[in-house]
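Taking it in order: structure first as structure tokens, then the write-up.
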Amino acid sequence: MKYIYLLSIAILTTNLLNAQFGPKQLISETGGFEVFTFDIDGDGDQDVLEAGYYDISWYENIDGLGNFSSQKIISSHIDWDSVYASDFDGDGDLDIVGVALMWLKPVEVSKIAWFENLDGLGNFSEELLIDYNFLLR
């Protein structure tokens, strides 16, 4: 049993040492607070979802090979700190939820909202508010 375990480690280590990566591919110069991959448009490949400075946006993996579209903005005009995708309405496609925490003295603004994927292809609804100013309670 120890032999199989050690052999597995040796094979895995050899494969990792031989791994090769291609050149860096820049898909956004704006950066983001959080970045995840999900199949947002339902085509079987991983797209990029970003909570960034003043927006929630996504980048379509247009060919399944890691070539991405330009930025597709879901929401703008507020700093979104966190973002995630899940099927919130049970219709089989990925919707988006975002959390914004803004510390604007003397007012603290906080918001949780979701965006419905209207057609399963990554066309989203306006913001659907879940909670607002929950930090002030």
Gain on full stretching of the segment that runs from V35 to L65 - 0.36 nm per residue minus C-alpha separation
8.9 nm
Got the relative contact order for region 36-137 handy, in percent, Cα pairs under 8 Å and 6 or more residues apart?
20
Within a Cβ distance under 10 Å of S57, other residues only, what is the Lys/Arg minus Asp/Glu net charge?
-1
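Readers should treat all values here as calculations from the given coordinates under stated rules, not as data from a laboratory. Not measured: the values here are computed from a predicted model. Every residue, glycine as well, gets a Cβ built from its backbone with ideal geometry; the counts of neighbours run over all protein chains shown.
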